[in-house]
Amino acid sequence: LHRDGQALLIVRLDHLWAAFCQVLVTRSALVNVTTLGGLLLPRVTGIVRSADVQKIALQESRGQPPWHDASVTVRVARRLGLANYNEISIGIGAVSPVKDLIDVRNYVVHPNDRTVAAYRQIITRVGVSSRDPVDFLALTQPGGATLFETWVLQLQISAEAAVH
């Protein structure tokens, strides 16, 4: 892929994570969710449309809710009183690369003093000097996966924990 296309994968991963979080909370509010053990969890009383969930989520922010932010997603799940709140809280709230992903995404999309400083903190913490996020996310991790691939795997693990 062209380097710009690779940088856009960072943005796409962030958008996919946000969409997953939104669908998870919305579906949990609107549908009787069945756990892996076969337990049927009730939907939220009084919530009949996805717009009802969105209205509650909008109380967390100005404009579009930042679903990719674990604290926002967990607060909306709690505010809704979701029967699977504990699973969502544990899965979404688990240690994950979301904060770093958001900061790298913001650096790619909105390069300014604040986003550059946040990006520099990440690369300094990791111990590299790469100014380019594509090179940074291509760093090979123990086991041979790239940092980007590791982040994708960590998000999958968080997602599975939130759903089960």
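Pop the C-beta distance of I157 and A118 into the FRET formula with R0 = 25 Å and round what comes out to the nearest 0.05.
Efficiency, from the Cβ-Cβ distance: 0.55.
Quick check on the chain: helices-only [θ] at 222 nm, where DSSP H runs of length 4 and up contribute -39,500 (n - 2.57) each and the sum goes over total residues. Nearest 500, please.
One gets -20500 deg cm²/dmol as the mean residue ellipticity at 222 nm.
I'd like the distance separating the alpha-carbon centroids of the stretch 90-104 and the stretch 120-164, in whole Å.
Result: 11 Å between the Cα centres.
How far, in degrees from 0 to 90, does helix 113-126 lean away from the longest principal axis of the Cα atoms of the chain, to the nearest 10?
Once rounded, one gets 80 degrees.
At a 10 angstrom cut-off on C-beta neighbours, averaged per residue, how do the peptides 47-59, 146-158 rank from highest to lowest?
Going from most to least packed, we get 146-158, 47-59.
Could you order peptides 67-80, 103-116 by the average number of other Cβ atoms within 10 Å of their residues, highest first?
Going by the mean number of other Cβ atoms within 10 Å, highest first, we get 67-80, 103-116.
I need the per residue convex hull volume for the stretch 108-147, using only the alpha carbons, in cubic angstrom as a whole number.
For the stretch 108-147, the hull spanned by Cα atoms encloses 61 Å³ per residue.
Using Cα-Cα distances under 8 Å and only pairs 6 or more residues apart, what relative contact order does the chain have, in percent?
Relative CO of the chain lands at 25 percent.
How large are Rg and Dmax for the stretch 22-164 when calculated on the C-alpha trace, in angstrom?
Computed over the Cα atoms of the stretch 22-164, radius of gyration and Dmax are 17.6, 52 Å.
Every number in this text was worked out from the coordinates using simple rules, so none of it is lab data. Bear in mind the structure is a predicted one, so any value in this text is a computation, not a measurement. Because the Cβ atoms are built from the backbone with ideal geometry, glycine has one as well, and the counts that use them run over all protein chains shown.
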